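A.B. asks: Structure provided below as structure tokens; questions to follow.
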Amino acid sequence: KESDEALKATLLMDDELSGKLTKDKSPYLIVRNTVVPANKTLEIEKGVKILIGGDYVSIVVFGQVMANGTKEEPIQFRSAKKDVKLWDWDRIYIRGASRSYFTYCIFSHSNYGVHADNGKVSLVNCLFKDNSISCVYALQSEVDMRETDIGKGHIIGLNVDKGSKVVMDSGSIVNNSR
């Protein structure tokens, strides 16, 4: 069952998503797997909330995401459910050759948080909390993290797999099982 906030949200029903998500139409609700296509960009304004419902829904990025929150108005990616669990949605799955940027973003209640597989992603001043399997996962990818906190990820805070280059500067990884 969705939260009261999700019931009033702008519903995003397209299989593909690009263009701009603006604060004035926030929160947004995604209830099924959505793709940012190759050669397309999804821009997310500061203060936007993206509520993710359905069962294990993913945002798959073959193009690019530019999510530019601020300290005062972070961008949130979180569960749309009333009774939230650590695994309510699946992941933001970075698969594109173009680097995606997340600045002042909060990721919670997912299985994998941000999962880069043959992708490139920068995470600056981000917070990962209350996720299930991992917060950040890198496989044959480039991940740049600055001032990013990875905490209370249920099993693994940061998982670096083969062929990956991960740089973390001035952040923390705390309160994870591994």
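The values are calculated or read from the model by the stated rules, or taken from the named source; none is laboratory data. This one's a predicted model, so the numbers in the text were calculated from it and none came from an experiment. Neighbour counts run over all protein chains shown; Cβ positions are idealised from the backbone, glycine included. All accessible areas refer to the heavy atoms of the entire protein, side chains included, with ligands and DNA or RNA removed. Shrake-Rupley method; radii C 1.70, N 1.55, O 1.52, S 1.80 Å.
A.B. asks: Could you please find all residues in the range 4-24 being open to solvent by less than 60 Å² (accessible area, probe 1.4 Å), part of a loop (DSSP other than H, G, I, E, B) and more than 22 Å from ARG99 (Cβ to Cβ)?
C.D. replies: ALA9, THR22 - these are the residues of the range 4-24 that are open to solvent by less than 60 Å² (accessible area, probe 1.4 Å), part of a loop (DSSP other than H, G, I, E, B) and more than 22 Å from ARG99 (Cβ to Cβ).
A.B. asks: Six or more apart or on different chains, Cβ under 6 Å: which pairs go from a residue in the range 65-88 that's closer than 15 Å to LEU21 by Cβ to one that's open to solvent by 70 Å² or more (accessible area, probe 1.4 Å)? Could you list them?
C.D. replies: Between residues of the range 65-88 that are closer than 15 Å to LEU21 by Cβ and residues that are open to solvent by 70 Å² or more (accessible area, probe 1.4 Å), the close pairs are MET66/GLU43; MET66/TYR101; GLY69/LYS46; GLU73/LYS46.
A.B. asks: Touching a Phe, Trp or Tyr at 6+ places or on another chain (Cβ under 9 Å), under 18 Å from MET145 (Cβ atoms) and either among the acidic types (Asp, Glu) or surrounded by 14 or more Cβ atoms within 10 Å (Cβ to Cβ) (or both) - does that describe any residue in the range 40-62?
C.D. replies: Yes: the range 40-62 contains one or more residues that are touching a Phe, Trp or Tyr at 6+ places or on another chain (Cβ under 9 Å), under 18 Å from MET145 (Cβ atoms) and either among the acidic types (Asp, Glu) or surrounded by 14 or more Cβ atoms within 10 Å (Cβ to Cβ) (or both).
A.B. asks: Test of understanding: among ASN125, ASN131, ASN176, which residue is buried (at least 23 other Cβ atoms within 10 Å of the Cβ) and more than 23 Å from GLU16 (Cα to Cα)? Break it down stepwise before answering.
C.D. replies: Working: ASN125 fails: buried (at least 23 other Cβ atoms within 10 Å of the Cβ); ASN176 fails: buried (at least 23 other Cβ atoms within 10 Å of the Cβ).
When all the criteria are applied, what remains is ASN131.
Yes or no, residue by residue, for (1) among the hydroxyl-bearing types (Ser, Thr, Tyr); (2) in contact with a Phe, Trp or Tyr (Cβ under 8 Å, 6 or more places away or on another chain):
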site: SER79; (1), (2): yes, yes
site: LYS82; (1), (2): no, no
site: LEU86; (1), (2): no, no
site: TRP89; (1), (2): no, yes
site: ILE92; (1), (2): no, yes
site: ALA97; (1), (2): no, no
site: PHE102; (1), (2): no, no
site: GLY113; (1), (2): no, yes
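A.B. asks: Could you list, in sequence order, the residues of the range 25-37 that are open to solvent by 60 Å² or more (accessible area, probe 1.4 Å) and farther than 21 Å from GLY69 by Cα? Explain how you work it out, then say what you get.
C.D. replies: Of the residues in the range 25-37, the ones open to solvent by 60 Å² or more (accessible area, probe 1.4 Å) are 25, 32-33.
Listed by number, the residues that qualify are ARG32, ASN33.
A.B. asks: Considering only the range 148-170, state which residues are assigned to a loop (DSSP other than H, G, I, E, B) and open to solvent by less than 40 Å² (accessible area, probe 1.4 Å). Please lay out each step first, then the result.
C.D. replies: First, pick out the residues of the range 148-170 that are assigned to a loop (DSSP other than H, G, I, E, B): 148, 152, 154-155, 161-164, 170.
Answer for the range 148-170, where residues must be assigned to a loop (DSSP other than H, G, I, E, B) and open to solvent by less than 40 Å² (accessible area, probe 1.4 Å): THR148, SER164.
A.B. asks: Moving on to the next point. Just checking, how many residues over the range 73-122 are open to solvent by 20 Å² or more (accessible area, probe 1.4 Å) and among the hydrophobic types (A, V, I, L, M, F, W, C)?
C.D. replies: Number of matching residues: 5.
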